[in-house]
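Encoded as structure tokens, the structure appears first; notes follow it.
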Amino acid sequence: MQQPALPGAPPGHRPEIDGLRALAIAPVVLHHAAPTVLPGGFAGVDVFFVISGYLITGIIAGELAAGRFSLRHFWERRLRRIVPALAVMLLAAMVAGWAILTPEDFAQFAKALLASSVFASNLHFARGTGYFDSDAGALPLLHTWTLGVEEQFYLLFPLLVLGVWRWRQDALLPVAVLLGLGSFALALWLAPRWPLAAFYLLPTRMWELMLGAGCALLPRPPRADGRLAAVGIGLILAGFALIDPDSPAPGVLFLLPTIGTALVLLFANGQTHAGRWLAIRPLTLLGLISFGLYLWHQPVLAFAHYVHFGPLPPLALAGAVAVSLGLGGLSYRWIEQPVRTRRWLARPALLVAVCTAVLAAPLAVGVAGYTRKLLPHSGAEAQQLAGLKPRGALYPQVVPPSGAIGFVLFGDSHAGQYFQAATGRFGAGALLSENGCLSADGVSNWPAGTAKGDACHATPDALIALVQERRIKTVIWAQRWDRKLYETASGAALGRSSDKAAPALLAAITRTIDRLPPGTRVILLGNSPTAWAAGPHMQDGWLRCRAYRNIDCPLSYPDTLAEGRAVNPLLRGLAARDPRVTYIDAAAPLCRAGRCLLVQDGKLNYWDGSHLTRAAAGRVLAQIDPAVILP
């Protein structure tokens, strides 16, 4: 027997769809709480997309057939459904992010907050934020990408349906099918070429929405069939089991949960075992709060992980999930239902005004945080310790368009970390670097055949050309020197620069220097000790370590752990043999009495796990006599 409609349910309410929502949200939450337990649980969002396409298309087509469809009313209902609950979550996440994030992570969070406030987070994340390897600052709001897809769909799809309806009513289903097939083909083509765009953007997610739309537009709804509905549930569960983070997304495997969802939508009802199972009270209740639970679980889990070093204990993880469930229930009871049923914000003008006003706060904070006009609570300590990221710290190239240049800093981001301090000490200079790249004549830490490898391999030639063109007399070469190296021409692995590849590296440095104009001075800056050498809790630097509530952060570590200890003597030896080269020990001013300092003279030496603050860079460069660097 079919379960009775829940109190307040609209006519035609299908409890099994609420159960289907529960079947979608539970794996998503489980995946985010414990990814290794259910690696494919994130595919629950694909189930949601099919359900959305089905329900939205059914609403539009039904109202068009009845002659009472209104774009204004449709968009008002979508506004009531999504924005109030989302705005409250964004406000709470905004306060939590300000309270606990580091300045660097808060800047990333602010960008996501800004994008989420205008339903463009999927566009923002597609520019460079992986779903499974995103920055800690982006994690609390990473899930809002789906709302971006949905809102963009709600804006565009009704216009398409209206246009097709006025042209030819019976063309709605063929158009939905063609649009879905085209979207799926685009997703398959784009996934290996631009995986972030394929994952996040509406054009490559439209096929899932159109699958649901096609189910709603079938001219004769099929009869209930418990076997096909059960197959649908099985396909959904198989998708969760077989999909993992390495699966091309969207891809062929995602047909399992999406087609499974379509089968349930088409063939399950209260007369089938599958429909009755999905309509059991615990599942329908979970389905009813699924939107609120989806909104809240990600920031709750992300912030809980942020303040705890290492995996969350099972009890803490269970507590975070319980809090998410509670907040989802409160969202449904006190925000979603009152607004949707017009007990609150009954007048459309008031609804728009309140939603605009409430979203204005995270929008403003997002802008201020992104432009670094607003720092988080930890910003005061970071400023006191001079530990903020220097402006332009990771810019790869800075070349004055005219005038004399006294030096060029060359290398990777460990060259860029010195640029502000270098120009302050030596005057006008240039920076020529490629982040993450060690490249000398004939060797590189990137194998050939990749875009990054090609860019890295080109840097020595660019250095020679710049020095010749601008008649630069001094090259300051700084790197993370301890790298795994490859031969540039053949791509053959040479080993680490501190071990088997050491002769090849030294020979490559010498060949590069040989190509410079006669009389060019070369200053080799040794590998700085780095903060992350202190241990995994320092991977993102001392300020990030301070955010952990369960560990104490060290002020120093034994110099025997310092990065570059093996390769630095090799560079010193090269300088001793070659009169053109001067070696500067980057560790000497940062390490005392057998310990490398993370906090020195009341100032931080690193703004993240690897890069020097301006104060620390100044200590290193103080070993160079400004008189030797002349324009």
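Annotations for the structure displayed:
- Selection within segment 520-544 - among the basic types (Lys, Arg) and either in contact with a strand residue (DSSP E or B) (Cβ under 7 Å, 6 or more places away or on another chain) or part of a loop (DSSP other than H, G, I, E, B) (or both): Arg521
- All conditions but one from (1) part of a helix (DSSP H, G or I); (2) out of contact with any helix residue (DSSP H, G or I) (no Cβ under 9 Å at 6 or more places or on another chain) apply to Ala428; the one that does not is (1).
- Identity of the residue in segment 536-594, hydroxyl-bearing (Ser, Thr, Tyr) and within 23 Å of Asp608 (Cβ to Cβ), that ends up surrounded by the fewest Cβ atoms within 10 Å (Cβ to Cβ): Thr560
- Every residue from segment 25-58 that is in contact (Cβ under 8 Å) with a residue 24 or more places away in the chain and part of a loop (DSSP other than H, G, I, E, B): Ala34, Pro35, Leu38, Pro39, Gly40
Yes/no per residue for (1) hydrophobic (A, V, I, L, M, F, W, C); (2) surrounded by 19 or more Cβ atoms within 10 Å (Cβ to Cβ); (3) not assigned by TED's automatic domain parsing to the domain that holds Gly234:
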| site | (1), (2), (3) |
| --- | --- |
| His32 | no, yes, no |
| Gly40 | no, yes, no |
| Gly58 | no, no, no |
| Ala61 | yes, yes, no |
| Arg68 | no, no, no |
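- Complete set of residues in segment 362-413 that are surrounded by fewer than 20 Cβ atoms within 10 Å (Cβ to Cβ) and on the phi > 0 side of the Ramachandran plot: Arg372, Ala386, Gly392, Gly403
- Wholly enclosed helices (runs of 4 or more DSSP H) of segment 251-304 bearing at least 2 residues at positive phi: none
- Selected residue (only one of Ala455, Ala451 is surrounded by fewer than 23 Cβ atoms within 10 Å (Cβ to Cβ), more than 18 Å from Ala508 (Cα to Cα), at pLDDT below 95 and aliphatic (A, V, I, L, M)): Ala451
- Picking from residues in segment 619-631 that are touching a strand residue (DSSP E or B) at 6+ places or on another chain (Cβ under 9 Å) and surrounded by fewer than 18 Cβ atoms within 10 Å (Cβ to Cβ), the one that is modelled with the lowest pLDDT is Leu630.
- Unique residue being in the same structural domain as Pro158 (by TED's automatic domain parsing), modelled with pLDDT under 95 and acidic (Asp, Glu) when the list is Asp135, Asp105: Asp135
- Scoring Asp552 on the criteria (1) charged (D, E, K, R); (2) farther than 28 Å from Val475 by Cα; (3) in the same structural domain as Arg470 (by TED's automatic domain parsing) leaves a single failure, condition (3).
- Of the helices (runs of 4 or more DSSP H) lying entirely inside segment 87-195, the ones with 3 or more residues being among the hydrophobic types (A, V, I, L, M, F, W, C) and touching a helix residue (DSSP H, G or I) at 6+ places or on another chain (Cβ under 6 Å) are found at 103-117, 145-167, 172-190.
- Matching entry among Leu79, Leu162 (being touching a residue at least 60 places away in the same chain (Cβ under 8 Å), over 13 Å from the mean Cα position of the chain (by Cα) and over 30 Å from Leu327 (Cα atoms)): Leu162
- Boolean, Thr356 is in a helix (DSSP H, G or I), β-branched (Val, Ile, Thr), closer than 28 Å to Phe74 by Cα and in contact with a helix residue (DSSP H, G or I) (Cβ under 7 Å, 6 or more places away or on another chain): no
- In this entry, Ala249 is excluded by the filter for residues that are closer than 26 Å to Val161 by Cα and either surrounded by fewer than 24 Cβ atoms within 10 Å (Cβ to Cβ) or touching a helix residue (DSSP H, G or I) at 6+ places or on another chain (Cβ under 9 Å) (or both).
- The residue pairs whose first member lies in segment 263-276 and is more than 16 Å from Gly287 (Cβ to Cβ), whose second member is surrounded by 19 or more Cβ atoms within 10 Å (Cβ to Cβ) and modelled with pLDDT under 95, and whose beta carbons are closer than 7 Å, counting only pairs six or more residues apart or on different chains, do not exist in this structure.
- Lone unmet requirement of (1) touching a Gly at 6+ places or on another chain (Cβ under 8 Å); (2) surrounded by 23 or more Cβ atoms within 10 Å (Cβ to Cβ) for Leu188: (2)
- Options Ala575, Ala547: the member that is under 22 Å from Ala386 (Cβ atoms), among the hydrophobic types (A, V, I, L, M, F, W, C) and in contact (Cβ under 8 Å) with a residue 12 or more places away in the chain: Ala547
- Boolean, Arg342 is over 23 Å from Gln479 (Cβ atoms), surrounded by fewer than 20 Cβ atoms within 10 Å (Cβ to Cβ) and either modelled with pLDDT under 95 or among the basic types (Lys, Arg) (or both): yes
- For segment 595-609, the set of residues classified as surrounded by 18 or more Cβ atoms within 10 Å (Cβ to Cβ) and in contact (Cβ under 8 Å) with a residue 60 or more places away in the chain consists of Cys596, Leu598, Leu604, Asn605, Tyr606, Trp607, Asp608, Gly609, listed by residue number.
The values are calculated or read from the model by the stated rules, or taken from the named source; none is laboratory data. Note that the structure is a prediction, hence the values are computed from the model and not measured. So basically every Cβ, Gly included, is an ideal-geometry build from the backbone, and we count neighbours across all protein chains shown.
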